[in-house]
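Chemist: One structure, pasted below without further comment.
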Amino acid sequence: MYKPSFNQLTAGIVIFVLSVYFVTHFPDKIPYLIFALILFFLLAKYAIQESSKTNIGKKTQLYKNTINGKETQLYKSLLQRSQGDRKQVERLIDYERRRSPNSCRADLLQFAIDRWERDRR
């Protein structure tokens, strides 16, 4: 579900207030106002689609929770097992994410460590 940001909500309120002002003070310019609003919303929709294609903001959102001590400890443990290969660690986490997409990052790290131990026996 899409949740608008504070800036988007602010822009929506400003556009609404300006629209009301122009409709009440310049009723003869309503067709221009409608055209401008349609153009604005089409451009906004295009910008949202482009930002979702390039994953802007998603990567930082995934790594916000790594500040947690347990996650950091699990990450370091997995990193040590993979001899410092960060790409390998991320691949292991991604594999676990595909297997369990609703799990939090700490659980994914634990699953990856458990799988590592199981595979090494």
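Chemist: How much FRET efficiency would the formula 1/(1 + (r/R0)^6) give for Lys76 and Asn7, where r is the Cβ-Cβ distance and R0 is 41 Å, rounded to 0.05?
Modeler: On the way: r = 36 Å, r/R0 = 0.89.
With R0 = 41 Å, the Cβ-Cβ based efficiency is 0.65.
Chemist: Moving to a separate point now. How much length is gained on full extension from Glu90 to Val14, taking 0.36 nm per residue of separation minus their Cα-Cα distance?
Modeler: The span from Glu90 to Val14 would gain 23.1 nm if fully extended.
A short reminder: the numbers here are calculations on the coordinates, not readings from a lab. Not measured: the values here are computed from a predicted model. Ideal geometry is used to build each Cβ from the backbone, glycine not excepted, and the neighbour counts take in all protein chains shown.
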